[in-house]
Protein chains: 2
Amino acid sequence: MRQSSFSCIRIGIAALLVPFALPGNSPGQAPHSASSAISRAGMSMPRGKAKKEQRKSGRAVTPESIVRISRIEVDPARISEYLVLVAECGRKSMAQESGVLLMYSMQEKRHPERIAVLEIYADRAAYEHHIKTSHFRKYKQNSLAMVRKLELIDQNPLVPEMKMK
Amino acid sequence: MRQSSFSCIRIGIAALLVPFALPGNSPGQAPHSASSAISRAGMSMPRGKAKKEQRKSGRAVTPESIVRISRIEVDPARISEYLVLVAECGRKSMAQESGVLLMYSMQEKRHPERIAVLEIYADRAAYEHHIKTSHFRKYKQNSLAMVRKLELIDQNPLVPEMKMK
């Protein structure tokens with residue numbers, strides 16, 4: 001059962017349902033919340049410093065946030081098209097959705113058909129808003145025939161207040 | 001050969017050499033640079049806007065940067081100890097090394113023994129400095145017996161100027 005939640009998903013009509021259907025999408029369902037991971041590791045930040053970080057960044061990653069690595073395998077013949085689609089969706093999501101804190105897409109240097117996207121949503125509502133946007137639906141529809149495998153792997157951030165320089 | 005560069009690496013004395021020895025660690029060796037990935041995808045940013053982003057962030061991700069996902073599998077009996085070590089190394093690297101632009105560590109919700117770290121180094125020199133620091137060497141030495149598998153997967157960022165909110 002644990003394995004099945006991580007088995008790669010053949011893309012088809014079902015792909016449109018994956019973000020809704022895949023186990024572990026709801027932070028509430030997960031066996032470990034960000035806060036529990038942090039407290040286990042004794043890594044909680046002093047409240048004052050955390051608030052300062054939050055003011056500085058404008059948005060904070062909290063135990064209600066969704067931190068996810070999406071791993072995508074693309075048809076090698078359609079990589080260039082796919083890169084444009086995924087980058088456009090990331091740019092628009094960051095520009096137009098205050099609840100999308102990061103959508104950082106990457107292509108493996110040695111396996112260019114393998115894409116990873118680090119996605120951070122402020123909370124469940126921000127994620128649910130995101131998958132209803134026109135730019136996400138355009139990406140999903142237009143990439144459907146390009147994507148061979150998809151994994152959505154929900155994460156607990158170990159230093160949630162960390163921001164890129 | 002391509003496969004071998006992604007085979008999981010049994011941790012032992014060799015682990016200390018992995019950051020130096022694993023193929024693909026040098027952006028120069030990679031078949032695709034960040035700039036080529038971006039130009040293929042037609043995603044390059046107007047020069048003025050890119051410079052503004054750079055001023056805002058202080059450091060920019062460039063084709064010389066190293067963007068890497070490290071995937072680590074930890075002895076389930078030692079996860080709590082490992083989380084403290086990896087988080088401490090990430091905090092100190094961000095606080096003390098100007099060339100470490102991000103060291104974002106995450107624990108899979110459904111496989112808590114699986115850790116991923118998104119590491120962004122301004123350039124090769126910043127990476128080489130990092131692996132010589134006392135906090136990295138402490139992490140590497142103390143985690144040696146906890147880590148069962150390690151993959152270092154170099155990436156081309158598709159929207160390199162993107163920053164977390």
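The values are calculated or read from the model by the stated rules, or taken from the named source; none is laboratory data. Keep in mind that this is a model prediction, so the values were computed, not measured. All Cβ positions, even for glycine, are placed from backbone atoms using ideal geometry, and neighbour counts span all protein chains on display. Ligands, DNA and RNA are excluded from the accessible area calculation, which covers all protein heavy atoms including side chains. Shrake-Rupley method; radii C 1.70, N 1.55, O 1.52, S 1.80 Å.
For the reader, a short list of remarks on this structure follows.
- Residue that is farthest from the other protein chains (Cβ to nearest Cβ), among those in segment A:120-132 that are over 22 Å from B:Ile153 (Cα atoms) and open to solvent by less than 60 Å² (accessible area, probe 1.4 Å): A:Ile131
- Where A:Ser98 falls short, out of the listed (1) outside any helix (DSSP H, G or I); (2) of a type outside the set (A, V, I, L, M, F, W, C); (3) within 12 Å of chain B (Cβ to nearest Cβ); (4) surrounded by 16 or more Cβ atoms within 10 Å (Cβ to Cβ): (4)
- Residue list for segment B:76-88, filter: open to solvent by 10 Å² or more (accessible area, probe 1.4 Å) and either assigned to a loop (DSSP other than H, G, I, E, B) or more than 7 Å from every other protein chain (Cβ to nearest Cβ) (or both): B:Pro76, B:Ala77, B:Arg78, B:Ile79, B:Glu81, B:Leu85, B:Glu88
- Single residue of A:Ile72, A:Ile153 found to be more than 21 Å from B:Arg59 (Cα to Cα), facing chain B (nearest Cβ under 7 Å), touching a strand residue (DSSP E or B) at 6+ places or on another chain (Cβ under 9 Å) and part of a strand (DSSP E or B): A:Ile153
- Within segment B:58-68, the set of residues being at the interface with chain A (Cβ under 7 Å from one of its Cβ atoms) and open to solvent by 20 Å² or more (accessible area, probe 1.4 Å) comprises B:Gly58, B:Arg59.
- Check on B:Ile38, in a helix (DSSP H, G or I), within 10 Å of chain A (Cβ to nearest Cβ) and either buried (at least 18 other Cβ atoms within 10 Å of the Cβ) or modelled with pLDDT of 95 or more (or both): yes
- Hey, B:Glu53 at pLDDT below 95, open to solvent by 30 Å² or more (accessible area, probe 1.4 Å) and part of a helix (DSSP H, G or I) or not: yes
- Pair list, Cβ < 8 Å and 6+ apart or interchain, from segment A:86-98 residues that are β-branched (Val, Ile, Thr) to residues that are assigned to a helix (DSSP H, G or I) and modelled with pLDDT of 95 or more: A:Val86/A:Tyr139; A:Val86/A:Ser143
- Tally of residues being within 15 Å of the chain's Cα centre (by Cα) and more than 7 Å from chain B (Cβ to nearest Cβ) across segment A:101-119: 4
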